Amino acid sequence: MDNKHNCVYPIVVHNTVKNIPLYNYHKSENMKRLILLLTITIIFVSCSSDNEPSIQNTTSLVFTEVMSFQVDTLELDMASNIVANSFYITYSADSGYNENVLKYNLTTSSQSDLTHPDISESRQIEIINDNIYSISSNDIYKFDLDLNNLVNISDSYNNMRYLRTTSLNNELLIIGGSDEIAKFDTNTEAYDFSLSDSPYGFRDQRDGEIYNNNIYMFGGANSTPQQWPEEDIINSFDEITIYNMSTDNWSQTQSLPYQVFESFTSLYNDSIIVTGNKNQDQTNSFIGRYDLLTDSYSEFDTSLDLENITIRGVTVLNDEIFIAYIDLVSPMPDLMTVKVVKASLL
C-alpha cells in the first residue's frame with residue numbers, strides 16, 4: 001500500500017462521563033480536544049506534503065515521432081514559426097559542400113527543401129520578421145518562410161566557431177564560439193562587435209535565450225591547445241551565465257547540476273528549455289527546464305533513451321517541444337538518420 005496516498009484518519013468515540021467534578025471534567029475534555037486537534041493536524045500535514053511534487057519533479061515528456069531524414073554531419077539547428085505552423089532545420093550535406101534547409105509543415109505534414117552551395121558545416125538559423133537568417137562564421141544568408149528568395153546579405157568573417165544565436169527585435173545576437181557577443185542588425189545588415197567581452201573566458205557550443213533584456217547562456221566548452229601530437233584538452237562547464245544588455249553586467253548566480261559540452265535552448269513562456277549533451281563525444285543527453293521566475297533548474301522525465309542518443313536541436317511551438325536526435329550505434333554510419341519527435345509541455 002502506498003502510504004503517501006492512503007491516509008488513516010482517527011475515529012472519535014464519545015465516552016459517557018459519570019460522577020466527575022465539573023472542573024476536572026472540563027479540564028479533561030479540553031485536553032482531549034487539544035490532543036485530537038494536534039493529531040488531525042499532524043496527519044493532514046503529513047498527507048498533504050507527501051502528495052505535493054518535489055522540486056526535482058517536472059512534467060513527464062512522452063515523445064512521438066514526427067519525421068526523419070538523413071545527414072552526413074552531426075551539426076544542425078532548429079527553429080519554428082507559429083504563422084507558418086512549421087519547424088525548420090538547417091544542416092550540411094554532401095560532405096559539407098551544401099547547406100540543406102528543410103521546412104516541415106505541421107498542418108499538412110509535408111516537407112519542402114532548399115539546397116545551395118556552402119562550405120560552412122555548423123550553421124544556425126533565426127527567424128525575424130518572416131525571414132529566416134542562416135548564420136555561420138563565414139557569412140549570412142536570408143530567405144523567406146517558404147524557402148524562397150535566397151540572398152547572401154553578408155560575407156564578413158566573424159571569427160566565431162561552433163556558434164549559437166538568438167535574436168531581439170531586428171537584431172541577431174551571436175552568443176557562442178567566443179568570449180564576446182556579436183550583434184548583427186538585419187535592417188542595416190551590419191555587424192556590431194562593441195558589446196562587452198565575457199569575464200569568464202571563451203565558450204563555444206553554448207546556447208542561450210533572451211528574457212527581460214537578459215541573455216541566459218548554458219554550459220559550453222573551450223579547448224586548451226597542446227603541442228602536436230598531443231590532443232587539445234577540452235573543458236566543459238556547468239555555468240549558467242547571464243548578460244544584462246541594459247547595464248552591461250555579467251553574472252553567474254546559478255549553475256547546472258552537471259557539466260555540459262554542448263547546449264541547445266528554446267524560450268517557452270517564463271522558462272527556457274535546455275537540452276544537449278554532457279560528454280565531449282556528444283553523448284549523454286539531457287532535457288531540462290530553467291525557470292526564469294525562480295532561477296531554478298530541473299530535469300524532465302522523458303520517454304527517450306537519453307543514454308543512447310545524441311540530441312542535435314530543439315524548438316518549441318504551440319506548447320509542444322520538438323527534439324531532433326540521432327541514435328548512437330557503433331560504428332556510426334556515413335549517413336545518419338535524424339529523428340524529430342514531439343511531446344506536449346502542458
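The values are calculated or read from the model by the stated rules, or taken from the named source; none is laboratory data. Bear in mind that the values here come from a model prediction, so they are computed numbers and not experimental data. Ideal geometry is used to build each Cβ from the backbone, glycine not excepted, and the neighbour counts take in all protein chains shown. Just so you know, the surface numbers come from the protein's heavy atoms only, side chains and all, with ligands and any DNA or RNA stripped out. Shrake-Rupley method; radii C 1.70, N 1.55, O 1.52, S 1.80 Å.
For the range 179-216, give me each residue that is of a type outside the set (D, E, K, R), part of a strand (DSSP E or B) and open to solvent by 30 Å² or more (accessible area, probe 1.4 Å).
Within the range 179-216, Ala190, Tyr191, Tyr211 meet the criteria.
Within the range 138-178, how many residues turn out to be among the acidic types (Asp, Glu), open to solvent by 60 Å² or more (accessible area, probe 1.4 Å) and either in contact with a Lys or Arg (Cβ under 8 Å, 6 or more places away or on another chain) or closer than 15 Å to Gly220 by Cβ (or both)?
1
Do we find a residue being open to solvent by less than 40 Å² (accessible area, probe 1.4 Å), free of Cβ contacts under 8 Å to residues at least 24 places away in the same chain and closer than 23 Å to Phe87 by Cα anywhere in the range 255-265?
For the range 255-265, residues open to solvent by less than 40 Å² (accessible area, probe 1.4 Å), free of Cβ contacts under 8 Å to residues at least 24 places away in the same chain and closer than 23 Å to Phe87 by Cα: absent.
Which members of the range 67-77 meet the condition of being surrounded by 17 or more Cβ atoms within 10 Å (Cβ to Cβ) and either over 15 Å from Ser112 (Cα atoms) or charged (D, E, K, R) (or both)?
Result: Val71, Leu74, Glu75, Leu76, Asp77.
Please go through the range 43-69 and pick out each residue that is at pLDDT below 95 and either within 19 Å of Ile125 (Cα to Cα) or charged (D, E, K, R) (or both).
Within the range 43-69, Asp50, Glu52 qualify.
Going residue by residue through the range 294-302, is there one that turns out to be surrounded by 22 or more Cβ atoms within 10 Å (Cβ to Cβ) and assigned to a strand (DSSP E or B)?
Checking the range 294-302: not a single residue is surrounded by 22 or more Cβ atoms within 10 Å (Cβ to Cβ) and assigned to a strand (DSSP E or B).
Looking only at the range 266-293, count every residue that is open to solvent by less than 30 Å² (accessible area, probe 1.4 Å), closer than 25 Å to Asp197 by Cβ and out of contact with any Leu (no Cβ under 7 Å at 6 or more places or on another chain) and tell me the total.
4
So which residues in the range 310-324 are over 17 Å from Ser122 (Cβ atoms) and touching a Lys or Arg at 6+ places or on another chain (Cβ under 7 Å), if there are any at all?
Answer for the range 310-324, where residues must be over 17 Å from Ser122 (Cβ atoms) and touching a Lys or Arg at 6+ places or on another chain (Cβ under 7 Å): Glu320, Ile321, Phe322.
Of Tyr258, Tyr290, which residue is more than 22 Å from Thr73 (Cβ to Cβ), more than 13 Å from the chain's Cα centre (by Cα) and among the hydroxyl-bearing types (Ser, Thr, Tyr)?
Being more than 22 Å from Thr73 (Cβ to Cβ), more than 13 Å from the chain's Cα centre (by Cα) and among the hydroxyl-bearing types (Ser, Thr, Tyr) holds for just one of Tyr258, Tyr290, which is Tyr258.
Is one or more of the residues making up the range 223-241 without any contact (Cβ under 8 Å) to a residue 40 or more places away in the chain, in a strand (DSSP E or B) and of a type in the set (A, V, I, L, M, F, W, C)?
yes
For (1) in a strand (DSSP E or B); (2) under 26 Å from the mean Cα position of the chain (by Cα), each residue gets a yes or a no:
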position: Asn100; (1), (2): yes, yes
position: Lys103; (1), (2): yes, yes
position: Thr108; (1), (2): no, no
position: Gln111; (1), (2): yes, yes
position: Leu114; (1), (2): yes, no
position: Ser120; (1), (2): no, yes
position: Ile125; (1), (2): yes, yes
position: Asn149; (1), (2): no, no
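So in the range 318-334, with the set limited to residues that are under 21 Å from Lys103 (Cβ atoms), of a type outside the set (D, E, K, R) and open to solvent by 10 Å² or more (accessible area, probe 1.4 Å), which one is nearest to the chain's Cα centre (by Cα)?
Tyr325
Which one of these does Asn138 not meet: (1) in a loop (DSSP other than H, G, I, E, B); (2) of a type outside the set (Ser, Thr, Tyr); (3) over 24 Å from the mean Cα position of the chain (by Cα); (4) within 14 Å of Leu76 (Cβ to Cβ)?
(4)
Please state which of the following conditions Met78 fails to meet, knowing it meets all the rest: (1) at pLDDT 95 or above; (2) of a type outside the set (Lys, Arg); (3) out of contact with any Gly (no Cβ under 6 Å at 6 or more places or on another chain).
The number of the failed condition is (3).
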